[in-house]
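Asker: To start, I am sharing the structure in question, which I have written as structure tokens.
The values are calculated or read from the model by the stated rules, or taken from the named source; none is laboratory data. Keep in mind it's a predicted model, so treat the numbers as computed, not measured. Cβ sites come from the backbone with ideal geometry, for glycine too, and all protein chains shown count toward neighbours. Keep in mind that these areas ignore ligands, DNA and RNA; they rest on the heavy atoms of the full protein, side chains included. Shrake-Rupley method; radii C 1.70, N 1.55, O 1.52, S 1.80 Å.
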Amino acid sequence: GWGASFLLEHFEPLKGWLDDLAGNGDAVQADGQSWLACAAAVAQRADELESRTQALVGEFEGLTASTFRSRSASTVGALRSGAQAVATAYSILSGVVSAVHDLVRDVLAEIIGTLASAIIEIVGTVGLASGGVVAQIQIKVGAAVTSLTDSVTGVVTSAKNLVSHLHDARGILES
């Protein structure tokens, strides 16, 4: 199994296929780093907006001035938190994608290792053990698929929760 795992991780087209199937945590992390840079730039612009608002409104009093200050403060807060929230989401997702990637790689490697062992056993017994070997393969593959299904279901649930939070962040940015 470890040999199959190594091949899946290091040789094309297997690596590309695995990344297409299970995702690439490093690529998601790189996108998150881009969002961190965006968050820093947006925070800088939010600081500028805050200081310009203060300079523009200054010591003005009254409903209009207080409403302007309040809306400006809400906008500045949303700007600061929105891009940071997306960057944080990408960071979390990169860990999730890496975990799924590793899980899928390990399950595929286990299945490949089981198949290789089965072929050796069948060849070594001149086909006499083929019935028992096929049953063993079915049991092992079934257990691996069940394990993978449970894990992927948990990841999908987490991703749905994260998407919900991103929609909330979008609402904050739009308001």
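Asker: Tell me yes or no: at least one residue of the stretch 23-45 is of a type in the set (Asp, Glu) and modelled with pLDDT of 85 or more.
Answerer: No, the conditions are met nowhere in the stretch 23-45.
Asker: Scan the stretch 141-162 and tell me whether some residue there is in a helix (DSSP H, G or I), open to solvent by 70 Å² or more (accessible area, probe 1.4 Å), at pLDDT 75 or above and over 30 Å from Val86 (Cα atoms).
Answerer: Yes, the stretch 141-162 contains at least one residue that is in a helix (DSSP H, G or I), open to solvent by 70 Å² or more (accessible area, probe 1.4 Å), at pLDDT 75 or above and over 30 Å from Val86 (Cα atoms).
Asker: Name every residue in the stretch 51-63 that is at pLDDT below 85 and charged (D, E, K, R), in order of residue number.
Answerer: Glu59
Asker: Determine whether Thr114 is out of contact with any Leu (no Cβ under 6 Å at 6 or more places or on another chain), of a type in the set (Val, Ile, Thr) and closer than 30 Å to Val141 by Cα.
Answerer: Taking the combined requirement at face value, the residue satisfies it.
Asker: If you scan the stretch 74-125, which residues turn out to be in contact (Cβ under 8 Å) with a residue 24 or more places away in the chain, over 25 Å from Ser151 (Cα atoms) and among the charged types (D, E, K, R)?
Answerer: Arg80
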